[in-house]
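Data first, discussion second: the structure below is written as structure tokens.
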Amino acid sequence: MNHDDYNDKYIIDVLKDTKTVAMVGASANWNRPSFFAMKYMQQKGFRIIPVNPGVAGQEILGETVMADLDEIDEPIDMVDIFRNSEAAGSITDDAIKVGAKIVWMQLGVRNDDAAKRAEDAGLRVVMNRCPKIEYARLYGELSWHGINSHVITSKRRRLA
Amino acid sequence: MMSNRKPGLETLSVHAGTPPDPTTGARQMPIYQTSSFVFDDADHAASLFNLQLPGFIYSRLSNPTVSALEERIAALEDGLGATATASGHAAQILALFPLMHPGDEIIAANKLYGGSINQMGISYKKFGWNASFVDPDDPENFRRAITDKTKAIFIESLANPGGVVVDIEAVAAIAHDTGIPLIVDNTMATPYLCKPFEHGADIIVHSTTKFLSGNGSSIGGCVVDSGKFNFAGRDKYPSLSQPAPEYHGLTFSETFGDLAYTMHSHAVGLRDLGACQSPINAWITLLGIETLALRMERHCENAAKVASYLETHPAIDWVSYAGLESSKYFDLRKRYMPRGAGGVFTFGLKGGYDAGVTLVDRCELLSHLANIGDTRSLILHPASTTHRQLTEEQLKAAGAGPEVIRISIGIETVEDIISDLEQALTGLELATVAE
């Protein structure tokens with residue numbers, strides 16, 4: 001996998017195969033990027049389980065915050081990492097351990113060694129991207145703000 | 001297209017930004033002539049105002065027809081995103097707005113459209129923005145002018161009106177050595193002839209009024225961001241790298257990553273400067289862009305023929321067209337604009353100022369007006385019109401001395417254009433004798 005340049009089909013497949021997301025580093029502060037992403041993805045029908053030991057037990061956007069991935073007792077499709085690149089290493093290992101299918105590292109977060117471990121274990125990995133931005137780009141919503149979607153089609157775009 | 005093939009410029013010109021309307025299936029882009037958009041409920045409204053949800057609020061910020069134009073121009077320039085504006089001049093202010101604070105400065109080429117020299121040199125001072133102008137023929141002139149207050153370099157890829165080509169890669173390297181972005185006005189070349197982002201430019205501005213719209217009907221502009229200049233953590237650009245008080249401490253570069261500049265240009269730039277493009281103008285410009293490649297090919301072909309004709313005419317002292325081998329910009333032009341030298345150029349009349357006034361008066365097919373990039377051929381005497389506010393020194397630097405005529409060659413039958421010029425030039429070769 002070339003982690004410098006993902007093609008649209010790879011990202012679309014990753015998003016299509018995701019229903020439940022464990023968001024590590026989720027913030028209860030409404031103007032933090034993770035809060036933006038969580039709120040948006042909830043509106044698009046994703047189940048988001050916030051993970052943040054600092055605020056474990058509290059609620060963010062109607063969901064109880066978990067202390068770590070181990071605590072979650074339901075299947076997780078994607079682990080979305082809102083932590084720095086170094087911390088992403090051990091979180092990726094936890095994601096492999098709990099049987100997640102996808103590891104997603106946010107904008108500015110990249111850990112190639114961790115990505116290799118995840119891919120060797122059969123997971124798919126996206127780094128230095130935001131699922132909110134990718135979803136909005138691929139389904140036309142970012143075009144509303146002048147962003148180039150790179151989508152050329154003669155079919156109606158379905159807003160999923 | 002889901003294949004890995006990258007669509008060509010002609011395909012993007014027709015399709016980018018305009019898939020069928022998701023609600024009605026309309027194949028041509030509808031004109032969303034509305035000021036405002038309803039909210040589903042209070043939470044939806046809050047999400048939109050907090051920039052947590054993409055969507056439409058009010059057409060000063062964004063509008064579906066205008067955003068279709070933005071996406072199309074972003075695609076043509078291979079950029080990340082674009083912001084459409086009320087005019088090319090508005091695009092220049094919008095482009096600088098996220099970068100500049102009072103006391104900051106830009107270094108611009110002195111070979112620019114005269115209106116830009118006025119805007120930057122005089123009106124920007126009212127914002128506390130300073131501009132200094134240097135000769136772009138030696139790119140090192142930019143390096144020498146840079147200070148710790150310099151926030152951007154500004155050039156035109158193909159300068160209006162003089163057929164001047166700037167070495168974009170050399171200037172981009174100097175900008176990046178200093179950690180500042182290079183802004184390129186690509187109006188005259190259009191993405192058909194030149195792709196500034198491939199040569200290191202960071203931001204592109206357009207007057208869409210010209211070749212993009214193409215038929216002299218609609219005023220408009222656009223700012224395109226490559227997304228490659230990283231503003232995150234750069235104290236030099238606090239509007240993008242530090243918390244924004246009006247959005248409750250949101251930091252654009254952190255929340256939006258490489259989309260920060262384009263998001264800021266809408267959420268702050270258009271919101272507060274108000275220089276949005278109207279939906280009807282955006283729609284007409286979208287229509288125009290569909291035929292950009294076909295028109296540019298003909299503009300260039302006709303202009304090359306007219307330039308060759310004029311170069312041998314006894315009334316004419318010189319022709320400055322980067323498509324002629326006599327041009328000192330011929331080699332640079334071939335490197336940056338291999339498909340042609342554009343439709344606009346200047347020439348000098350042996351008879352000076354008076355001959356210039358006479359020539360434009362006599363034309364019957366060419367229109368005497370202050371625009372370029374129309375399907376119609378246009379002619380102008382800059383010294384007595386567009387550039388008349390400039391000093392003698394600025395006129396010379398801008399390639400708009402008293403003897404200079406600017407011509408924008410249209411897509412008419414080229415023999416008719418030459419025939420009109422021939423009758424208008426008759427007798428003017430004697431003007432030097434009369435002096």
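The values are calculated or read from the model by the stated rules, or taken from the named source; none is laboratory data. The structure presented is a predicted model; accordingly, all values stated were derived computationally and were not measured. Glycine gets a Cβ as well: all are built from the backbone with ideal geometry, and neighbour counts include every protein chain shown.
Laid out as a table, the results:
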item	result
Residue that is farthest from the other protein chains (Cβ to nearest Cβ), among those in region B:15-30 that are at negative phi and within 24 Å of the chain's Cα centre (by Cα)	B:Met29
Residue satisfying all of: in region A:113-160; within 14 Å of chain B (Cβ to nearest Cβ) and over 17 Å from A:Ile12 (Cα atoms); farthest from the chain's Cα centre (by Cα) among these	A:Ser154
In region B:164-193, the residues that are under 12 Å from the mean Cα position of the chain (by Cα) and not in a helix (DSSP H, G or I)	B:Ile183, B:Val184, B:Asp185, B:Asn186, B:Thr187, B:Met188, B:Ala189
Candidate set from region B:56-86 (those that are assigned to a loop (DSSP other than H, G, I, E, B) and under 16 Å from the mean Cα position of the chain (by Cα)); member that is farthest from the other protein chains (Cβ to nearest Cβ)	B:Ala86
Answer from B:Leu53, B:Leu12 - the residue that is part of a loop (DSSP other than H, G, I, E, B), at the interface with another protein chain (Cβ under 9 Å from one of its Cβ atoms), of a type in the set (A, V, I, L, M) and buried (at least 19 other Cβ atoms within 10 Å of the Cβ)	B:Leu53
Count - residues of region B:142-165 that are buried (at least 24 other Cβ atoms within 10 Å of the Cβ) and of a type in the set (Val, Ile, Thr)	4
Test: residue in region B:127-139 that is hydrophobic (A, V, I, L, M, F, W, C), touching a helix residue (DSSP H, G or I) at 6+ places or on another chain (Cβ under 7 Å) and either at pLDDT below 95 or buried (at least 23 other Cβ atoms within 10 Å of the Cβ) (or both)	no
Restricting region B:291-307 to residues that are among the small types (Gly, Ala, Ser) and over 18 Å from the mean Cα position of the chain (by Cα), the residue that is nearest to B:Thr208 (Cα to Cα)	B:Ala303
Residues within region B:166-197 that are more than 30 Å from B:Pro238 (Cβ to Cβ), in contact with an Asp or Glu (Cβ under 9 Å, 6 or more places away or on another chain) and of a type outside the set (Ser, Thr, Tyr), tallied	5
Qualifying helices (runs of 4 or more DSSP H) (wholly inside region B:281-387; at least 2 residues being under 19 Å from B:Leu425 (Cα atoms))	B:292-311, B:352-362
Residues located in region B:238-255, provided they are touching a residue at least 24 places away in the same chain (Cβ under 8 Å), facing chain A (nearest Cβ under 10 Å) and not β-branched (Val, Ile, Thr)	B:Ala244, B:Tyr247, B:His248, B:Leu250
Options B:Ser67, B:Ser13; residue that is touching a Phe, Trp or Tyr at 6+ places or on another chain (Cβ under 7 Å), in contact (Cβ under 8 Å) with a residue 40 or more places away in the chain and closer than 26 Å to B:Tyr261 by Cα	B:Ser67
Residue selected from region A:30-57 under the condition assigned to a loop (DSSP other than H, G, I, E, B) and exposed (fewer than 13 other Cβ atoms within 10 Å of the Cβ), by the criterion nearest to the other protein chains (Cβ to nearest Cβ)	A:Gly45
Residues satisfying the stated conditions in region A:4-19, i.e. closer than 18 Å to A:Ala100 by Cβ and surrounded by fewer than 16 Cβ atoms within 10 Å (Cβ to Cβ)	A:Tyr10, A:Asp13, A:Lys16, A:Asp17, A:Lys19
Restricting region B:191-230 to residues that are surrounded by fewer than 23 Cβ atoms within 10 Å (Cβ to Cβ) and touching a Leu at 6+ places or on another chain (Cβ under 7 Å), the residue that is farthest from the other protein chains (Cβ to nearest Cβ)	B:Gly200
Selected residue (criterion: surrounded by the fewest Cβ atoms within 10 Å (Cβ to Cβ)) from residues of region B:238-256 that are at pLDDT 90 or above and of a type in the set (S, T, N, Q)	B:Gln242
Condition met for B:Lys396 (assigned to a loop (DSSP other than H, G, I, E, B) and more than 20 Å from B:Thr190 (Cα to Cα))	no
Set B:Asp43, B:Asp21: member being without any contact (Cβ under 8 Å) to a residue 60 or more places away in the chain, of a type outside the set (Gly, Ala, Ser) and not in a loop (DSSP other than H, G, I, E, B)	B:Asp43
Spans of helices (runs of 4 or more DSSP H) in region A:72-160 with at least 3 residues over 24 Å from B:His266 (Cα atoms)	A:87-97, A:112-120
Meets criteria (touching a Lys or Arg at 6+ places or on another chain (Cβ under 7 Å), on the phi < 0 side of the Ramachandran plot and of a type in the set (Phe, Trp, Tyr)) for A:Phe82	no
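Residue by residue, here is whether (1) outside any loop (DSSP other than H, G, I, E, B); (2) in the same structural domain as B:Ala370 (by TED's automatic domain parsing); (3) in contact with a Lys or Arg (Cβ under 9 Å, 6 or more places away or on another chain) holds:
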position	(1), (2), (3)
B:Tyr124	yes, no, no
B:Ser132	yes, no, no
B:Arg144	yes, no, no
B:Gly162	no, no, yes
B:Phe197	yes, no, yes
B:Ser213	no, no, no
